[in-house]
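Each reported figure results from applying straightforward, stated rules to the coordinates on display, with no laboratory input. In this text the structure is predicted, and so the values were computed from the model without any measurement. No Cβ is skipped: glycine too gets one built from the backbone with ideal geometry, and neighbour counts run over all protein chains shown.
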Amino acid sequence: MPRPALSACGNQSETVGGRIGIVSIGPYSVDEFVERVVDFHGYAAPGVIIGGYMVALAQRNLTQGVLYDAVSETRACLPDAIQLLTPCTVGNGWLKVLNLGRYALSLYDKRSGEGVRVHLDGKRLDAWPAIKVWFLCLNKKQDQDSALLQEQIREAGEGLCVVAPIRIAARFLGKQHKEKVDFCPMCGEAYPTCDGRICKGCQGQAPYEPLPSTLGAINNYLKM
Ligand SMILES: [Zn+2]
């Protein structure tokens, strides 16, 4: 399948009540993007909406016409903003999710590794107290004023974001080579043999409670 290059998605802005406000996120109006977030993510998560501004800002700062990959430095929210606004998904491998616990993302030329990283500027949060409370988890979720939070996100937009050039380390670039695959003698399913004699699922890393019948079989196998 031909891979689409990311296009420049210039955010449109207009003056609202004397303030310059961003009224688009990538190809969508802010309202349309929030609808897409609800459809895809399940609800209008503040983290995905801010993530939309972050992705659009990164896109506008990229060299156009080359193929880009993406990195999210958190598992929460940002992967969904990236998947909504770019061709990069977890499933196609063009989006890598690293659990660094930082609310930041990068888009980069998949060959050279050069690109941009976007994160939120903690110093600017004081101007947006509802966003600060949400971002630093200073309130219980039920005590958060979500209408005020949504309003402040729209007013702040990408004004909270810092964009900086980055280069991805060589070990994160390029295609992952396929490992040798065989069938697991326990469950009978295919797995990469570099994982060991049995698949990781049967080694106890599956999230399921073992049923008494399969537990006995695993124990017998491991004693062999
Ligand atoms: Zn198995």
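The length gained on full extension between ARG197 and LEU136, counted as 0.36 nm times the residue separation minus their Cα-Cα distance, comes to 17.5 nm. Counted by Cβ distance under 12 Å from LEU84, the other residues give a net charge of -3, where Lys and Arg count +1 and Asp and Glu count -1. Please give the FRET efficiency for ALA206 paired with GLU179, using the beta carbon to beta carbon distance and R0 = 25 Å, rounded to the nearest 0.05. Approximately 0.85, to the nearest 0.05. With the highest mean first, a sort of the peptides 76-86, 45-55 on other beta-carbon atoms found within 10 angstrom per residue produces 45-55, 76-86. In terms of surrounding Cβ atoms within a 10 Å radius of their Cβ, ARG154, ARG117 rank from fewest to most as ARG154, ARG117.
Work out the FRET efficiency for VAL38 and LEU148 from their Cβ-Cβ distance, taking R0 = 22 Å, and round it to the nearest 0.05.
Values: r = 19 Å, r/R0 = 0.86.
About 0.70, to the nearest 0.05.
From the largest down, region 13-172 spans 43, 34, 32 angstrom on the principal axes of its Cα atoms. In this simple spin-label model, placing a label point 7 Å from the Cα along the Cα-to-Cβ direction at both LEU100 and SER29 gives a separation of 3.6 nm.
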